[in-house]
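Read through the structure below, which is laid out as structure tokens, and then see the notes.
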Amino acid sequence: MASHPTYEAHGQPYVDEKASMTAEKQDSGGSRDVFAEDDVHQIQYKTLSWQAVSLLMIAEIVSNGILSLPSALAVVGIVPAVILIVFLGIFGLYTAKLLIDFKLNHPNVHTMGDAGYIMAGPVAREVLAFGTVAFAVFASGSELLSSQQALSTLSNQGLCSMYLVIIAGAVGFLISLPRTLDRLAWMGFISAIVIAVAGFVAMIGAGANPVPGRSLTVAASSNFFDAFLAVTNPVGHFMFFILISEMRRPEDAMKAAWCLQGFATVFYTVFSVVVYVYIGNTVQSPALFSLPPAWAKATFAIALANFLFTSGLYVHTAAKLVFVRIFRHSEHIHSHTLLGWTVWTLLCFTGVAVAAILAIAVPIFSYLIGIAAALFAAWYTYGLAGFFWLHDVYHLKGGVDGLKGRPIGTILAVLTIIAGAFICAAGTYVSIKLIVEAYASGQVGKPFTC
């Protein structure tokens, strides 16, 4: 049995007063850091700087916002949309702080599944681990669709869309293959730059070609369904634990969170307002389709690298979760073994294959992405952070008395949980309703068609 562990949270060391239960759970799940450093290891994981982590997260998250957010302004109006974008940016920074504190308190946590095991046992571990893999594969499929749209635009629909998805999937597979995230960091740097440049090109294109007679809405009385989907589309944080696990200094993770949320919030706001002001209420989603053909091609050509990289990054994330689950604390994690590389390659291939099949064979895949985001990503970004804070204060800061002594933090944590539950329930309901409406109106196509 492990001795009572000493943790550090919010910069203050303390001893777990209810350590026996927590330590037992941690020991059962592997209490050591999964990527504990050792000079003899052939594969060194803890190599990421906070700058690299911020660039990887920017590359992952920002493309979703610039594709969908301008149309959100047409749904809810400029003023409410900007307020919500800024609010969700601040809220995301707060929940990132809670996630980072939990990770620093529990170095053995590599994924949301590990965190779930500490809080609620094996069932929570399986549910949260499955959700991470499922969302990563769905998100990879979404990026494959974005890549297909870019390639179709550039080729003037000159090749069957199924083949374009397969081509994009092959590139995503190659990107996912490096075993450590630092090997992807340089691509993350390029990807973050190209998606920012693509956004600026799109704004220039919209400004140079304003829609004549366009109408703008300052504030709209939208129906619940359109408004909800419009303002909750870009979500993140589900990769946070995996990224922090490969940082040289996990204590610097909050710097990456500040960089991500600051850049994303400002960029989302400026991009969505500029594009909407020049295009008006006819702006489409993805917004790039609202640009003149030449500008749309230029923007898609620049953004394509981001779509392909992000698809590979999502597959890498899903594969690494399963790989670590299979080989945790074995030689295959840190050494170039034949079995390790064989399993890793198969996992990456399987992830890409499933993502491509979903994108090609499921006509309602874009709606299913919304359901996956509501069921899992909303909890990973918002709701679970509240549970993490309550768990650590209760177990590491004196139980109920610790919670009572921190009324503001407790209230915020509970509200965070409620927000996650609302986004989960409402997002799932809205997505299912839209699927029903799409079938009723005949908008759903057939599988395996060009």
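List of remarks:
- Just one of the listed residues (189, 138) is open to solvent by 40 Å² or more (accessible area, probe 1.4 Å), within 16 Å of residue 305 (Cα to Cα) and within 21 Å of the chain's Cα centre (by Cα), namely 189.
- Within the range 193-212, being within 23 Å of residue 315 (Cα to Cα) and open to solvent by 10 Å² or more (accessible area, probe 1.4 Å) holds for 193, 194, 196.
- Residue in the range 298-312 that is within 30 Å of residue 93 (Cβ to Cβ), open to solvent by 10 Å² or more (accessible area, probe 1.4 Å), modelled with pLDDT of 90 or more and small (Gly, Ala, Ser) present: yes
- Residue in the range 316-326 that is farther than 30 Å from residue 43 by Cβ and among the aliphatic types (A, V, I, L, M) present: no
- Condition broken by residue 46, with the remaining ones in (1) in contact with a Lys or Arg (Cβ under 6 Å, 6 or more places away or on another chain); (2) surrounded by 23 or more Cβ atoms within 10 Å (Cβ to Cβ); (3) not in a helix (DSSP H, G or I) satisfied: (2)
- Some residue of the range 429-445 being within 23 Å of residue 99 (Cα to Cα) and charged (D, E, K, R): no
- Top-ranked residue of the range 87-108 - restricted to ones that are within 18 Å of the chain's Cα centre (by Cα) and aliphatic (A, V, I, L, M), ranked as most open to solvent (accessible area, probe 1.4 Å): 90
- Among the candidates 71, 31, 20, the residue that is modelled with pLDDT under 85, assigned to a loop (DSSP other than H, G, I, E, B), of a type in the set (S, T, N, Q) and open to solvent by 10 Å² or more (accessible area, probe 1.4 Å) is uniquely 31.
- Selection within the range 388-401: residues that are without any contact (Cβ under 8 Å) to a residue 60 or more places away in the chain and out of contact with any Leu (no Cβ under 8 Å at 6 or more places or on another chain). The member of this set that is surrounded by the most Cβ atoms within 10 Å (Cβ to Cβ) is 401.
- Count - residues of the range 319-329 that are open to solvent by 10 Å² or more (accessible area, probe 1.4 Å) and either under 23 Å from residue 211 (Cα atoms) or touching a residue at least 40 places away in the same chain (Cβ under 8 Å) (or both): 5
- Where a residue in the range 267-291 is more than 15 Å from residue 208 (Cα to Cα) and among the polar types (S, T, N, Q) and its partner, wherever it lies, is open to solvent by 50 Å² or more (accessible area, probe 1.4 Å) and part of a helix (DSSP H, G or I), with Cβ under 8 Å and at least six apart: 269/86
- The lone criterion from (1) at positive phi; (2) open to solvent by 30 Å² or more (accessible area, probe 1.4 Å) left unmet by residue 41 is number (1).
- Residue count, the range 330-344 (criterion: surrounded by fewer than 17 Cβ atoms within 10 Å (Cβ to Cβ), part of a helix (DSSP H, G or I) and not acidic (Asp, Glu)): 4
- Among all positions in the range 279-299, there is no residue which is in a helix (DSSP H, G or I) and under 23 Å from residue 100 (Cα atoms).
- Cross-chain or 6+ apart pairs with Cβ under 9 Å, the range 418-436 first and among the basic types (Lys, Arg), then at pLDDT below 85: 433/225
- Boolean, residue 155 is crowded, with 18+ Cβ neighbours inside 10 Å and hydroxyl-bearing (Ser, Thr, Tyr): no
- Residues that are open to solvent by 60 Å² or more (accessible area, probe 1.4 Å) and under 21 Å from the mean Cα position of the chain (by Cα), drawn from the range 402-428: 418, 422, 425
- Selection count, the range 355-364, where residues are touching a residue at least 24 places away in the same chain (Cβ under 8 Å) and surrounded by fewer than 19 Cβ atoms within 10 Å (Cβ to Cβ): 4
- Checking each residue in the range 170-184 for being under 16 Å from residue 50 (Cβ atoms) and open to solvent by less than 20 Å² (accessible area, probe 1.4 Å) picks out 181, 184.
- Residue check, residue 117 modelled with pLDDT of 90 or more and either touching a Lys or Arg at 6+ places or on another chain (Cβ under 6 Å) or more than 19 Å from residue 354 (Cα to Cα) (or both): yes
The values are calculated or read from the model by the stated rules, or taken from the named source; none is laboratory data. What you are looking at is a predicted structure, and each value in this text was computed from that prediction instead of being measured. Note that each Cβ is placed from the backbone with ideal geometry, even for glycine, and that neighbours are counted across all protein chains shown. Each accessible area value is taken on the protein alone, full model and side chains, heavy atoms only, with ligands, DNA and RNA left out. Shrake-Rupley method; radii C 1.70, N 1.55, O 1.52, S 1.80 Å.
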